[in-house]
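Novice: Before we start, here is the structure in question, set down as C-alpha cells.
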Amino acid sequence: MTDTLSTLRDTFGFDGFRPGQEEIVDAAMAGEDLLAIMPTGGGKSLCFQLPAIVREGLTVVVSPLIALMRGQVAQMREIGVAARSMSSGNTAEENALAMTEAEDGALDMLYLSPERLARHGMKAFLKRIGVTMIAVDEAHCVSQWGHDFRPEYRMIGEVRDALGGVQILAFTATADELTRKDIGDKLFTTPPRTFLRGFDRPNIGLAMTPRANGKKQLLDFLGRHKGQSGIVYCQSRKRVEDTADHLRKSGIDARAYHAGLDPQSRGDTQDAFLREDGIVVVATVAFGMGIDKPDVRFVFHMDLPKNIEGYYQEIGRSGRDGLPATAHLLYGMGEVRQYRQWIDESDAGEDQKRIERQKLTALVGLCETTQCRRTALLGYFGEAAGGCGNCDICRGEVETIDGLILAQKALSVILRTREIFGMEHLITVLRGEKNPMTEKHGHADLPTFGVGADVSKADWRSIFRQIYAAGFAAVDVENYSRWVVTEEGWRVLRGQVAVTLRKPGKAANSRETGIEMNEADTALFDELKALRRELANERDVPAYVIFADRTLIEMASLAPTDPDGLRGVHGVGEKKIERYGKEFLSRIRQHKQKSAAA
C-alpha cells in the first residue's frame, strides 16, 4: 500500500483516493477478479491504471474507442508511464512499435480495441508477451442488455481462457441488475467481487423540458453557457446537420458528428473538441462513449434518448472534473410513439421487447415526474436518494398543481370516445373544436366536448404525456396509437389517487450556474489556459493532458511561486513539475507583477 500511495502522489499528483477507489485498488493489487460499477467521472480509470503501474507484468486494457485509447495513452506517457495502443487508428509503424515494446517487456500497459483483440493470432501474441491482467473498460458493451452492445467484447472470455484464467478487472458506469449479471456470466469463470459505488453525479444539474421550439430553446440554453465546451445530441443525422448549421449561423463554433461523415471529418471534429476550448459538438450517439475530456460543461439533448441507461451514459460525459455541469433534455410524445413502434416491429424476442418497453416507460416517467429528478434517476438503478437541490424541480423551476380534475377530464375523453383515438383528436374534443372527424363520429355531442377549452393544445399534450408517464393511460401503437385507460387510471377517475401535474403554461426559468471565480482568479486562469493551449499545440496533445481545468482553477486561486507550492495543487505530480513547472510558475509570477503594477 505504501508503493500504491506514493505512486498516487508522485505520478498522478493526487493526495488521496476518491470515495470508493481505495477498496477496488486493494482488491486489484491482491489479484482478485472484480466488477466495479462507478459513476462516470468517479475515477474508474485510475482503479486499473494504478495497479498496472505498481504491479509487475503487463496489463492489457480493452477499450471501445480509438479516441479514448489515444487520450489515456497520452495521459499515461505524460506522467512517465510506459503505455502504448494498437488500433486501426494508428499507423503500421506505431502498431509495430507497440508490439516490439510489449515483446521486449518495456510496457506497463497495452491498450487494445475489441476488434483488434478479435484478430487472428492476437491470443497467441498476448500469451507470448506474458499478460498478467486484463482491464475491461465500458464493460456493459459485453451484454446484450447493455445499450452499447459490442459483439467483439465476447472475445474477452476466450482470451482469458487462452491466457490460463488471467485476472480480469471490469469497469462500467451504466449497468442495471440484468446487465451486471450478464457481464459476470460473459467475462468471468466464477463470480467476481462486485463493487457498486453508486450512480450519483451531484455536480451535474438536471433539467427536462417539453419541446416547444427546439432550436430557440437550444440557443437560449447556449446563451447561458458562452465559451464552454459541450455536446448537443440529436437522434438523426439530418437533425445533426440542420442543428449544427443553425448554430453556426448564430455565431456559435459548432461541429457536426455522425457515422455518415467520412472518417477524416469525424477525426478532425473529435480532435478539435478534445484539444480546444468552447467548441460545441452536435452529434448522434456515435459521438461520446469513451470521450475522456474532463471539462465538458454541458450536454443538451434535442431528442429523447432511447432509455435511461443511454441518458445516464450521455450526460455523464459532462463534468468529469467534478466541477459544475449541466444536462438539459427536450422531449415530445412523438418520439415516445416512434420508439415504441421500433421496439414492436423489431426482430427481437418477446422477452427483450418487454424489457425495452419497460425501459422506455421508465424514461418517459423520468421526464414527466414532478418529484426530484435525481431521486427518480437513481431509483431506476436501485439507489435511494432524497431531494438533490440541483435539478429543475428541486430548484423550483417546475411549478406543480393538484392535477386530479385535469387528469379526470383527459381520461374521461378517452373513454367517451371508446378508446380508439389518438391524442390529437382527443385534445380537439376536449377543446371543443369542430372538424370533419368530430362531426363524423358525433363527438361534438359528448359531455366532454369543450370541457378543456381553457387549456391550450400544448398544455393538453403535456398533460397527456404526464398521465401516460404516471401509468394512468397507455398507448396502443399497433392500433393507430389509440389511448386506453389503465386500471390505475380508473382509480383516478374514482378520485382514489392524488395527481400532481406541472402547472399549465409554466415555462422553466432555469437558474443553471457555472463555475464561479473572483475577477482576479479568472484573469490568471485565462492566462494559464492560454499557456496550456500553447504547450498542448507544441506537443500535439489535448489541452487537458497538460493540466485539467480543475488544476488550473486551483493554480489560479493559490498562485504558487515555487515547485513546492505546485506540489500542493491537485493533479500536479513530479513528472508534470519537471516538464511544465517552470513555464507555469513564470506565467504566475508575470501575472502578479502586472497586477501589482496596475
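Novice: What distance in nm lies between label points placed 7 Å from Cα along the C-beta direction at residue 385 and residue 271?
Specialist: So the label points at residue 385 and residue 271 sit 3.8 nm apart.
Novice: OK, next. Among residues other than residue 591 whose Cβ falls under 12 Å from its Cβ, what is the net charge (Lys/Arg +1, Asp/Glu -1)? The partial results should precede the final answer.
Specialist: Details: positive: 587, 589, 592, 594; negative: 521, 526, 527.
Neighbourhood net charge equals +1.
Novice: To the nearest 20 debye, what charge dipole does the chain have about its Cα centre, counting +1 at the Cβ of each Lys and Arg and -1 at the Cβ of each Asp and Glu?
Specialist: Dipole size: approximately 1420 debye.
Novice: Right, next: Which of the pairs 249/582; 186/359; 44/226; 409/440; 226/576; 215/576 have their Cα atoms more than 32 Å apart in this structure?
Specialist: Too far apart for the 32 Å limit: 249/582; 215/576.
Novice: Can you tell me the length gained on complete extension of the stretch residue 557 to residue 347, counting 0.36 nm per residue apart and subtracting the Cα distance?
Specialist: Between residue 557 and residue 347, full extension yields 69.9 nm more.
Novice: Could I have the simple spin-label model distance between residue 177 and residue 23, label points 7 Å from Cα toward Cβ, reported in nm to one decimal?
Specialist: 2.0 nm
Novice: For residue 486, what charge total do you get from the other residues with a beta carbon under 12 Å from its beta carbon, if Lys and Arg give +1 and Asp and Glu give -1?
Specialist: Numbers: positive: 491; negative: 419, 476, 487, 488.
My count for the surroundings of residue 486 gives -3.
Novice: Go ahead and estimate [θ] at 222 nm for the chain from helices alone: -39,500 (n - 2.57) per DSSP H run with n ≥ 4, summed, over the residue count, rounded to 500.
Specialist: The helix contribution divided over the chain gives -14000 deg cm²/dmol.
Novice: Could you pull out every whole DSSP H run in the chain that spans at least 24 Å of Cα extent along its own axis and averages -1.0 or higher on the Kyte-Doolittle scale?
Specialist: Once both thresholds are applied, what remains is 350-368, 519-539.
Novice: Once P(r) over Cα pairs in 10 Å bins from 0, in percent is worked out from the coordinates, which option in (i) 4, 16, 27, 27, 17, 7, 2, 0; (ii) 3, 12, 16, 16, 14, 12, 10, 8, 5, 2, 1, 0, 0; (iii) 3, 15, 24, 25, 17, 9, 5, 2, 0 does it equal?
Specialist: Label of the calculated value: (iii).
Novice: Pull out a ≥ b ≥ c, the square roots of the eigenvalues of the alpha-carbon gyration tensor of the stretch 2-196, then state rounded if a/c is under 1.5, prolate if not and a/b is larger than b/c, and oblate in the remaining case.
Specialist: Rounded is the answer for the stretch 2-196, as its axis ratio a/c remains below 1.5.
Novice: Along the Cα→Cβ direction, 7 angstrom out, place labels at residue 491 and residue 88. What is the inter-label distance in nm?
Specialist: The modelled label-to-label distance comes out at 5.2 nm.
Novice: Of all DSSP beta bridges in the chain, what percent run antiparallel (nearest 5)?
Specialist: 10 percent
No lab work stands behind these numbers, since they all come straight from the coordinates. A quick note: this is a predicted structure, and the numbers were derived from the prediction, not measured. Note that each Cβ is placed from the backbone with ideal geometry, even for glycine, and that neighbours are counted across all protein chains shown.
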